[in-house]
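Engineer: Can you keep this structure in mind? I'll have questions shortly.
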Amino acid sequence: GVNLRTIGLYALVGLPYTLKFLWAPLVDALDIPILSRALGRRRGWLVFSQLLLALAIVFLAFQNPSAVLWPVALGAVMVATASATQDIVIDAFRVESLDTSEQAAGMAGYVAAYRIGMLAYGAGVIALTGWLEHIGVSRDTVWMWGFIAAAGLMVIGIFASLMATEPAAPAD
């Protein structure tokens, strides 16, 4: 029962990834109060973007697309924006942490980890919701629990960010 125009508007959810070049200079230049002071600029931004991403996923978990679509769209844009911001910071972190001769291997590792994360999020959430429904959890709540589990996986990224060594600030 969703009209074609609404479906077309959902294609714009990916826009933050297309436009991330617009706010990448801000991420590069600005510190996150408290977090950057405690962790450094890159790790501060990583933890900040990961916390935002987890919160956006939890927000999305509590939406009902069959009732009202705009909060789902808002949640999806929030997830895409936080994810694109995390992508900006990870790229900067990788470039600043690795020697020039290590950049190709670093990018390959990043792409592999990205694909594993996509599998865990996509297939993992689908498998979890299927299993939850199989064991008798109400069909009305299985997706909520799947999204909450996905948000919980952000703990791995936050832990990795906290354990990482802040790269040296680039020479101006």
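Engineer: Being aliphatic (A, V, I, L, M) and either on the phi > 0 side of the Ramachandran plot or touching a Pro at 6+ places or on another chain (Cβ under 8 Å) (or both): is that true of residue 77 here? Spell out the reasoning first.
Structural biologist: Details: aliphatic (A, V, I, L, M): yes; either on the phi > 0 side of the Ramachandran plot or touching a Pro at 6+ places or on another chain (Cβ under 8 Å) (or both): yes.
Taking the combined requirement at face value, the residue satisfies it.
Engineer: Further question: Which residues, counting only those in region 84-113, are among the hydroxyl-bearing types (Ser, Thr, Tyr) and open to solvent by less than 40 Å² (accessible area, probe 1.4 Å)? Talk me through it step by step, then tell me what you get.
Structural biologist: Looking only at region 84-113, we keep the residues that are among the hydroxyl-bearing types (Ser, Thr, Tyr), and these are 85, 97, 100-101, 110.
Answer for region 84-113, where residues must be among the hydroxyl-bearing types (Ser, Thr, Tyr) and open to solvent by less than 40 Å² (accessible area, probe 1.4 Å): just 85.
Engineer: Exactly one condition in (1) more than 20 Å from residue 11 (Cβ to Cβ); (2) among the hydroxyl-bearing types (Ser, Thr, Tyr); (3) crowded, with 18+ Cβ neighbours inside 10 Å is not met by residue 81; state its number.
Structural biologist: The one condition residue 81 does not meet is (1).
Engineer: Picking from 51, 22, 30, which residue would you name as being open to solvent by 30 Å² or more (accessible area, probe 1.4 Å) and either among the aromatic types (Phe, Trp, Tyr) or in contact (Cβ under 8 Å) with a residue 12 or more places away in the chain (or both)? Full working, then the answer.
Structural biologist: Numbers: 22 fails: either among the aromatic types (Phe, Trp, Tyr) or in contact (Cβ under 8 Å) with a residue 12 or more places away in the chain (or both); 30 fails: either among the aromatic types (Phe, Trp, Tyr) or in contact (Cβ under 8 Å) with a residue 12 or more places away in the chain (or both).
Result of the check over 51, 22, 30: 51.
Engineer: Of everything in region 86-121, what is among the aromatic types (Phe, Trp, Tyr) and either over 21 Å from residue 18 (Cβ atoms) or free of Cβ contacts under 8 Å to residues at least 12 places away in the same chain (or both)? Give them in sequence order.
Structural biologist: 93, 114
Engineer: Further question on the same structure: Do any helices (runs of 4 or more DSSP H) lying entirely in region 1-94 carry at least 2 residues that are farther than 24 Å from residue 110 by Cβ and touching a Gly at 6+ places or on another chain (Cβ under 6 Å), and which ones are they?
Structural biologist: 41-61
Engineer: Here's something else I'd like to know. Within region 122-145, can you find the residues that are open to solvent by less than 80 Å² (accessible area, probe 1.4 Å), free of Cβ contacts under 8 Å to residues at least 60 places away in the same chain and part of a helix (DSSP H, G or I)?
Structural biologist: Going through region 122-145, the residues open to solvent by less than 80 Å² (accessible area, probe 1.4 Å) turn out to be 122-125, 127-130, 132-133, 136-138, 141-142, 144.
Filter again for free of Cβ contacts under 8 Å to residues at least 60 places away in the same chain, leaving 122-125, 127-130, 132-133, 136-138, 141-142.
Once the filter is applied, which keeps residues that are open to solvent by less than 80 Å² (accessible area, probe 1.4 Å), free of Cβ contacts under 8 Å to residues at least 60 places away in the same chain and part of a helix (DSSP H, G or I), region 122-145 yields 122, 123, 124, 125, 127, 128, 129, 130, 132, 133, 142.
Engineer: While we're looking at this one, here's another question. Have a look at 85, 100 and point out the one that is over 27 Å from residue 32 (Cα atoms), out of contact with any His (no Cβ under 6 Å at 6 or more places or on another chain) and of a type in the set (S, T, N, Q). Talk me through it step by step, then tell me what you get.
Structural biologist: Details: 85 fails: over 27 Å from residue 32 (Cα atoms).
When all the criteria are applied, what remains is 100.
Engineer: Testing residue 62 on (1) buried (at least 16 other Cβ atoms within 10 Å of the Cβ); (2) touching a residue at least 24 places away in the same chain (Cβ under 8 Å), one condition comes back false. Which one is that?
Structural biologist: (1)
The values are calculated or read from the model by the stated rules, or taken from the named source; none is laboratory data. All of these numbers come straight from a predicted model, not from anything done at the bench. A quick note on method: Cβ atoms are made from the backbone with ideal geometry, for glycine too, and the neighbour counts reach across all protein chains shown. Accessible surface areas use protein heavy atoms only, side chains included; no ligands, DNA or RNA. Shrake-Rupley method; radii C 1.70, N 1.55, O 1.52, S 1.80 Å.
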